[in-house]
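Below: one structure, written as structure tokens.
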Amino acid sequence: MLAANSYSQEYIDARRAAVAAQIAAYDGLAKAAGDAIDGFARPFFNNMVVVLDASFAHRTRGREGKDGNPMNEVRLLAASILENDGVLVADKQIKLRPETSVLGLEAGDEISISEADFVRLAEAFFAGIETTFGPAD
């Protein structure tokens with residue numbers, strides 16, 4: 001697959017359910033582990049951002065836009081986690097502004113995503129995917 005201009009609603013729903021299952025699994029583990037899980041949460045949710053981005057990796061940039069929307073934010077976060085040691089990089093083509101982004105991060109900030117951060121980001125991301133790349137019923 002070279003590029004995707006749309007995704008079926010079934011695929012979007014399946015990815016949303018997979019993300020929800022990961023969050024539920026984490027919640028179960030966190031409840032059982034108590035304080036012992038503290039060092040695990042942020043790396044786990046940083047990695048979940050990479051999974052979120054990879055689930056829709058072939059989305060076309062032209063259709064996604066460059067206005068700093070949640071899809072752009074996930075794209076930059078995932079690239080920064082993988083390629084910049086978890087420090088948010090600036091992208092000249094994407095206008096990500098802390099005051100309008102989901103997480104409020106700016107270039108140079110360390111990416112350390114909590115469960116609440118990830119849930120907000122994933123909800124906004126899926127809403128953007130559905131609106132921009134979902135089936136045109």
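The numbers here are math on the coordinates, done by the rules we state, and not lab data. Since this is a predicted model, take the numbers as computed values, not measurements. Ideal geometry is used to build each Cβ from the backbone, glycine not excepted, and the neighbour counts take in all protein chains shown.
With helices as the sole contributors, the chain gives -19500 deg cm²/dmol at 222 nm; each DSSP H run of n ≥ 4 counts as -39500 (n - 2.57), and the sum is divided by every residue. Annotation for region 10-71 versus region 82-137: alpha-carbon center distance of 11 Å. Of all aspartates and glutamates in the structure, those lying under 18 Å Cα to Cα from Lys66, and not within fewer than 8 positions of it along the same chain, are Asp53, Asp91, Glu99, Glu106, Glu130.
Less than 5 angstrom separates the built amide H of Arg59 from those of Ala4, all sequence-distant by 5 or more or on a different chain.
The computed mean projected area of the Cα convex hull in nm² for the structure shown corresponds, within (1) 7.9; (2) 7.2; (3) 8.6, to (3). Annotation: extensible slack from Ile37 through Ala25 equals 3.0 nm (criterion: 0.36 nm per residue apart, minus Cα-Cα distance). Remark: spin-label model distance Ala18-Glu83 equals 2.2 nm, labels positioned 7 Å along the Cα→Cβ axis. Of all segments of the chain bounded by GluC sites (Glu not before Pro) found in a DSSP loop with no more than 13 other C-beta atoms within 10 Å, the longest spans 1-98.
For the chain, the dipole from Cβ point charges (+1 on Lys and Arg, -1 on Asp and Glu) about the Cα centre works out to 420 debye, to the nearest 20.
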